[in-house]
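The next block holds one structure in the form of structure tokens; read it before the comments.
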Amino acid sequence: MRLGELERGRLWLPVTCCAALALVCTAAAQPVRRLRVQNPLPIERHRAIVCLPAHFAPPMAEASRLFARTPSKRVPVQMDDLDGDGRTDELVFLADFKPFETRQIALQPGGTERREQIPLAHAVPALKRAGYPALESNLVAYGLYAQWDPPDAQASLAWDLYAKRRTSWRVSLDLLQKVNYHQDNPVAVDVLLVGPTMGLGAPIIGDTRPRRPDAATNTFRLICDGPLRAGLEVLVRDWKTPHGSYEARLQYFVYADHDFLEVRARVRSRAAAAEQFGLGMRRMPEQAQFVKNDRDIIGETGLAIMFSPESFGRFATLHEETQDHLVYFNPPVAPGETRHFRAHLLGAWSEGGLTSRDGFADYVSELTRRVNNPVAVR
């Protein structure tokens with residue numbers, strides 16, 4: 001495992017090796033599809049995310065009635081249309097694995113499952129606060145500064161972190177709700193004070209953020225709304241830099257029983273020169289791995305961006321008053337090219353079970369190892 005240190009203050013952006021995955025499938029009599037799913041790591045994986053292309057689904061499977069069955073357990077499978085064309089693109093379910101275990105799993109339609117028994121992932125549209133959607137799992141909530149602008153800042157697709165209490169559910173962004181997320185409360189606390197900063201995971205090309213309306217126009221689409229995964233898509237058009245313009249499709253996902261935010265980016269260049277795509281995160285008040293948050297309400301807060309070493313380009317600092325941290329990815333997006341990037345964002349806090357700087361660093365390193373080495377069909 002390898003860690004990259006941004007500066008003396010030890011705010012880590014960890015990286016680990018990403019395993020190559022081969023896909024093999026044997027099919028039994030339809031409509032059952034039998035798979036061999038392998039854990040590539042020497043550690044137990046509880047509620048590991050299994051994400052498969054749609055062609056692994058048995059024929060005539062219905063989105064609300066597909067299950068994954070092992071000899072001892074049956075779990076629901078979510079079928080998601082990622083590109084909005086009305087057809088399923090990916091299958092998602094959660095399963096437990098022993099170290100290096102390969103499990104026989106059968107996908108089959110039919111049966112029923114009580115929805116309330118499933119740990120949920122949820123997309124919050126925030127209809128009364130237009131332009132500030134959120135994604136929430138049973139462990140965490142993230143809000144996106146999108147079209148809704150504070151008076152002193154332009155929205156540039158930075159994620160906010162809600163330090164959610166583990167017993168709470170369904171964070172509401174309704175301005176009429178009585179909960180004040182800027183004060184201590186039993187639901188969740190807004191701890192980042194994003195403002196003009198990069199927040200968590202704000203995108204950048206070269207030195208240009210997609211600030212509207214002069215630098216970009218954004219449209220939003222709900223991809224999926226649980227029960228196992230919730231996703232949001234942002235389509236950024238006419239993203240202007242000094243070298244030309246870009247189009248980016250940014251997809252974000254949260255998963256039940258997991259606390260990270262997955263980022264998938266597709267960037268197409270119409271510029272005259274190659275530039276690097278990157279993600280940023282705000283500089284915390286103290287430069288440490290796990291520090292007091294701005295409002296000093298719930299203890300300590302930490303942020304991380306996780307990615308594979310193959311995609312790493314360089315670290316940088318945003319040349320603005322905020323001096324936020326940036327990581328740029330390789331390869332650069334050359335004129336006329338389309339590139340795909342993937343990363344994971346994490347916000348954590350002391351009430352979530354991480355009570356020390358060392359504990360946070362160890363957790364982020366281990367989580368990076370897991371997301372870069374997913375369980376997969378063999």
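The values are calculated or read from the model by the stated rules, or taken from the named source; none is laboratory data. Keep in mind it's a predicted model, so treat the numbers as computed, not measured. All Cβ positions, even for glycine, are placed from backbone atoms using ideal geometry, and neighbour counts span all protein chains on display.
Of the residues that sit in segment 96-131 and are at pLDDT below 85 and in a strand (DSSP E or B), which one is farthest from H55 (Cα to Cα)? Don't jump to the end; show me each part of the working.
Our first condition is that a residue be at pLDDT below 85; within segment 96-131, this holds for 110-131.
Then drop every residue that is not in a strand (DSSP E or B), which leaves 121-124.
On the way: A121: 24, H122: 25, A123: 26, V124: 30 Å.
Applying the filter and picking the extreme gives V124.
Would you point out the residue of segment 227-248, among those that are in a strand (DSSP E or B) and of a type in the set (A, V, I, L, M, F, W, C), that is modelled with the highest pLDDT?
Of everything passing the filter in segment 227-248, A248 is modelled with the highest pLDDT.
Taking only segment 310-348 into account, find how many residues are among the β-branched types (V, I, T) and crowded, with 21+ Cβ neighbours inside 10 Å. Steps first, answer last, please.
Here is the first cut: in segment 310-348, the residues among the β-branched types (V, I, T) are 317, 322, 327, 333, 338.
Among the residues that remain, those that are also crowded, with 21+ Cβ neighbours inside 10 Å are: 327, 333.
Total satisfying the criteria: 2.
Mind checking which residues of segment 322-340 are assigned to a loop (DSSP other than H, G, I, E, B) and either touching a residue at least 60 places away in the same chain (Cβ under 8 Å) or under 20 Å from R268 (Cα atoms) (or both)?
Those that are assigned to a loop (DSSP other than H, G, I, E, B) and either touching a residue at least 60 places away in the same chain (Cβ under 8 Å) or under 20 Å from R268 (Cα atoms) (or both): T322, D324, N330, P331, P332, A334, P335, G336, E337.
Collect the residues in segment 275-324 that are at pLDDT 95 or above and farther than 24 Å from N372 by Cα, keeping them in residue-number order.
Selection gives E275 alone.
For segment 188-206, which residues satisfy the criterion of being closer than 15 Å to S350 by Cα and either part of a loop (DSSP other than H, G, I, E, B) or among the hydroxyl-bearing types (S, T, Y) (or both)?
Keep residues of segment 188-206 that are closer than 15 Å to S350 by Cα, which gives 188-192.
Residues satisfying the conditions are V191, L192.
Identify, please: which residue in segment 49-66 is modelled with pLDDT of 90 or more, of a type in the set (A, V, I, L, M, F, W, C) and assigned to a strand (DSSP E or B) and is, among those, surrounded by the fewest Cβ atoms within 10 Å (Cβ to Cβ)? Please lay out each step first, then the result.
Residues of segment 49-66 that are modelled with pLDDT of 90 or more, as a first pass: 49-56.
With of a type in the set (A, V, I, L, M, F, W, C) added as a condition, the list becomes 49-52, 54, 56.
In the following step, the residues that additionally are assigned to a strand (DSSP E or B) were identified as 49-52.
Numbers: I49: 21, V50: 23, C51: 17, L52: 21.
This residue is C51.
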